[in-house]
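Here the structure comes first, spelled out in structure tokens, and everything after it is commentary.
The values are calculated or read from the model by the stated rules, or taken from the named source; none is laboratory data. Because the structure is a prediction, the values reported are computed rather than measured. Positions of Cβ are backbone-derived with ideal geometry, glycine not excepted, and every protein chain shown enters the neighbour counts. Only protein heavy atoms, including side chains, enter the accessible area calculation; ligands, DNA and RNA are left aside. Shrake-Rupley method; radii C 1.70, N 1.55, O 1.52, S 1.80 Å.
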Amino acid sequence: FTPVQVNLLKTLFPMTDRVWAAVTLDKRVDPFCVTGIQELFHMSQKMVRTLLELADEAKCEVLEPIWVEDGRQYRYGNAKALLHLEENLFRSSLKAYPKEQDEIQIQSCQNRKEELEFAAATISRMVREEDYRYRDFAIVSGAAAEYANYVKEIFEAYGIPYFIDEKKTILFHPFIEFLRASLEMVEEDFSYESVMRYFRSGLSRQSTEEIDRLENYILATGIRGYRKWNHVFEKCPAGYCEETLEELNQIRSDFMECAGVFREVLAKKKTTVKEKTTALYQFITAHEVEEKLQKMQAGFEEEKDFATAKEYEQIYGIVMDLLDKIVDLLGDERFDITEYADVLDAGFEAAKVGVIPPGYDCVVLGDIERTRLDDIRVLFFAGVNDGIIPKVAAAGGILSGFDREHLLEKDIQLAPTPRERAFIQKFYLYLNMTKPKEHLILSYSRVDSEGKAIRPSYLIGQIKKMYPQIKVQEAFDRSMTIATPKSSMSYFLQGLLAQREQHGLHMEETAGKDWEALAHWYLENKDWAEPIYHLIDASYMQYHAKKLPGDLIHEIYGKVLESSVTRLERYAACACAHYLQYGLGLSERQMQDFTPADFGSVFHFAIESFSKSLR
């Protein structure tokens, strides 16, 4: 429990008749004795101790603990290997599983993208061929943010509904972009870039057509700076008339009506943070930002994009809460516009927006520590690589080890140390790996995003010890990707390349019958036939060099050579001929048999030699 949650429990205990607390503990562990931090259930024992101390302080009776029976009969009734994992993982007395099993699988993939493609193909096959729904699957990783980059591309190709359980940064949201652009506009005295950034944020008072016309005019006339924006446009460049100029001045006037007052307060150094924040809030309300965000939210809901709609629902409240906190903390301070913008940027960078799953029947992808899963039948554990499991702790910190020990003696609760975080992560690993009821599939990459070889985590070795008969699957069967037209495209292209390399053979001899059936399906489908024909034509296309006709050459280059040969090239040509004749002892007759490629190689060698000598 965090200190805030402990205070809540202090208030809650005397107000209720009974409090139930569910704790993850092995029956073989004493819940009332806190063992060392290196023990798997140290966090659970610490939680029990906290509850007992709160109950004693509130003078509440503590009843006998109730032990829930293990899942031997119901949860792991058909997965004895997973029951063995729950009972032995990270225990000192580790026992090997004596039988063959198919509940736990280890998959080695080329990279992270292939890991997700393997997971998507497996999910698609199990939903199609077995009694599974998408909500029965989940994917967790210690580097969920890196895997999330590939989810949209891969899962949409397979037609799999998904939800990424993460808190998103708000830094690039249109509302935040609008605020940052508005402050930058004042800071840079209405420069062209800052003004257009404000207009293009999507929340200004002008329409897209008006912005386009205004941008063309200021580019033609070179209008820059607040002073010019604050005066009537008078220049009338070619292609503009008085009527057009009048319309542009109306747009300018509407823009400056808000921006002028906003700039007057923000640009002053003597104004307080509270005054600046008030002016910013008035600027937001003058643009009716809340109403515009609500309309955008409704638009996303109509398009069934509920995750984005939830983001737009929360963003206004997050920003208002941030402005309130800034006023509470720094209200009487006097900042210039640059310092004020930096404070806001720091707040925007720290703020996150969280969303709930848009639907019930979807695959959840999340982090091993943040994500809470329920009723999962099949779990994919991606990224089981060294450096991710265990996660490398960030170095540095203000407090030394001696300082931390001194503060702990004073009962001051601190954030966990890197060593403590390593043991906490082990507990979360246990929670996640014992979550599925039927199948646990671990996967790791052989190379990282930079193409460097990476090693599997120590966890893979632990699983191999527990299950001596388990075999790591090295190859990913690409025929599994034949699920939807989009997901099958990569398999089709691979077969097409094989067919091209051995074009003298029949299709089934080069790419296999699966590929042949897939190719026929594409060609017989009216939506896919045309692009597939183009791909087949492109794969067999070859370039044959042809000489240009003489009249065309004369038309392009003329009959008089206007370019000149450099002195270095002349020297290199002479040296090249000299080297061939005297260095290699070739006669003029032998030199005539040289092909252009042969002569070109010697020529480049001569140029490099002369370049070095000239240097």
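Consider Gly512 carefully, then state whether it is without any contact (Cβ under 8 Å) to a residue 12 or more places away in the chain, more than 30 Å from Ala143 (Cα to Cα) and open to solvent by less than 80 Å² (accessible area, probe 1.4 Å).
So Gly512 does not fit the description; no.
Consider Asp332 against the criteria (1) under 24 Å from Arg135 (Cα atoms); (2) touching a strand residue (DSSP E or B) at 6+ places or on another chain (Cβ under 6 Å); (3) surrounded by fewer than 18 Cβ atoms within 10 Å (Cβ to Cβ): it satisfies all of them except one. Which criterion is unmet?
(1)
What pairs can you find where one residue is in segment 418-437 and more than 18 Å from Ile460 (Cβ to Cβ), the other is among the small types (Gly, Ala, Ser) and at pLDDT below 90, and their Cβ atoms are less than 6 Å apart, with a gap of 6+ or different chains?
Going by the 6 Å Cβ cut-off, the qualifying pairs are Pro418/Ala393; Arg421/Ala393.
Give just the number: which of (1) among the polar types (S, T, N, Q); (2) part of a loop (DSSP other than H, G, I, E, B); (3) modelled with pLDDT of 90 or more does Thr371 not satisfy?
So Thr371 meets the others, but not (3).
Restricting the search to segment 17-68, which residues are part of a loop (DSSP other than H, G, I, E, B), within 23 Å of Val4 (Cβ to Cβ) and among the polar types (S, T, N, Q)?
Passing the criteria: only Thr24.
Between a first residue in segment 5-31 that is aromatic (Phe, Trp, Tyr) and a second residue that is open to solvent by less than 90 Å² (accessible area, probe 1.4 Å) and assigned to a helix (DSSP H, G or I), which pairs have beta carbons less than 9 Å apart while being 6 or more apart in sequence or on different chains?
That search, which allows pairs on different chains as well, returns Phe13/Leu54; Phe13/Ala55.
Would you confirm, using the coordinates I've provided, whether Arg72 is in a loop (DSSP other than H, G, I, E, B) and either in contact (Cβ under 8 Å) with a residue 60 or more places away in the chain or basic (Lys, Arg) (or both)?
yes
Using beta carbons and a limit of 7 Å, which pairs, at least six apart or on different chains, have the first residue in segment 293-306 and without any contact (Cβ under 8 Å) to a residue 24 or more places away in the chain and farther than 19 Å from Cys362 by Cα and the second one of a type in the set (A, V, I, L, M) and open to solvent by 50 Å² or more (accessible area, probe 1.4 Å)?
Going by the 7 Å Cβ cut-off, there are no qualifying pairs.
I'd like to check something: does segment 189-200 contain any residue that is part of a helix (DSSP H, G or I), open to solvent by 20 Å² or more (accessible area, probe 1.4 Å) and modelled with pLDDT under 90?
Checking segment 189-200: not a single residue is part of a helix (DSSP H, G or I), open to solvent by 20 Å² or more (accessible area, probe 1.4 Å) and modelled with pLDDT under 90.
Check whether at least one residue in segment 340-353 is in contact with a Pro (Cβ under 8 Å, 6 or more places away or on another chain), charged (D, E, K, R) and under 22 Å from Tyr150 (Cα atoms), and report yes or no.
Kept after step one, since they are in contact with a Pro (Cβ under 8 Å, 6 or more places away or on another chain), are these residues of segment 340-353: none.
Among the residues of segment 340-353, not one is in contact with a Pro (Cβ under 8 Å, 6 or more places away or on another chain), charged (D, E, K, R) and under 22 Å from Tyr150 (Cα atoms), which makes the answer no.
Mind counting the residues in segment 344-374 that are open to solvent by 40 Å² or more (accessible area, probe 1.4 Å) and free of Cβ contacts under 8 Å to residues at least 40 places away in the same chain?
4
Between Ala157, Ala144, which is closer than 21 Å to Ile388 by Cβ and touching a Ser or Thr at 6+ places or on another chain (Cβ under 9 Å)?
On the way: Ala157 fails: closer than 21 Å to Ile388 by Cβ.
One residue alone meets the criteria, Ala144.
Could you say which residue among Lys295, Lys304, Lys310 is open to solvent by 50 Å² or more (accessible area, probe 1.4 Å), of a type in the set (Lys, Arg), out of contact with any helix residue (DSSP H, G or I) (no Cβ under 9 Å at 6 or more places or on another chain) and not in a loop (DSSP other than H, G, I, E, B)?
Just a single option satisfies the conditions, and that option is Lys295.
Does any residue of segment 56-67 turn out to be over 30 Å from Leu12 (Cα atoms) and buried (at least 16 other Cβ atoms within 10 Å of the Cβ)?
Going through segment 56-67, the residues over 30 Å from Leu12 (Cα atoms) turn out to be none.
No, segment 56-67 contains no residue that is over 30 Å from Leu12 (Cα atoms) and buried (at least 16 other Cβ atoms within 10 Å of the Cβ).
Which of the residues spanning segment 528-557 are in a loop (DSSP other than H, G, I, E, B) and free of Cβ contacts under 8 Å to residues at least 24 places away in the same chain?
Across segment 528-557, the qualifying residues are Met541, Gln542, Tyr543, His544, Ala545, Lys546, Lys547, Leu548, Pro549.
Of everything in segment 473-498 that's β-branched (Val, Ile, Thr) and closer than 30 Å to Ile460 by Cα, which residue is surrounded by the most Cβ atoms within 10 Å (Cβ to Cβ)?
Among residues in segment 473-498 that are β-branched (Val, Ile, Thr) and closer than 30 Å to Ile460 by Cα, the one surrounded by the most Cβ atoms within 10 Å (Cβ to Cβ) is Thr481.
Restricting to segment 33-55, what's the tally of residues that are over 21 Å from Leu431 (Cα atoms), open to solvent by 90 Å² or more (accessible area, probe 1.4 Å) and in contact (Cβ under 8 Å) with a residue 12 or more places away in the chain?
The qualifying residues number 0.
Here's the yes/no breakdown for (1) open to solvent by less than 70 Å² (accessible area, probe 1.4 Å); (2) in contact with a Gly (Cβ under 8 Å, 6 or more places away or on another chain); (3) assigned to a helix (DSSP H, G or I):
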site	(1), (2), (3)
Ile389	yes, yes, no
Leu399	no, no, no
Asp403	yes, no, yes
Leu407	yes, no, yes
Ala415	yes, no, no
Asn432	yes, no, yes
Leu440	yes, no, no
Glu450	no, no, no
Gly461	yes, no, yes
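For segment 75-111, how many residues meet the condition of being assigned to a strand (DSSP E or B) and open to solvent by 10 Å² or more (accessible area, probe 1.4 Å)?
Final tally of qualifying residues: 1.
Only one of Leu179, Leu116, Leu183 is hydrophobic (A, V, I, L, M, F, W, C), closer than 23 Å to Leu431 by Cα, assigned to a helix (DSSP H, G or I) and open to solvent by less than 10 Å² (accessible area, probe 1.4 Å); which?
Result of the check over Leu179, Leu116, Leu183: Leu116.
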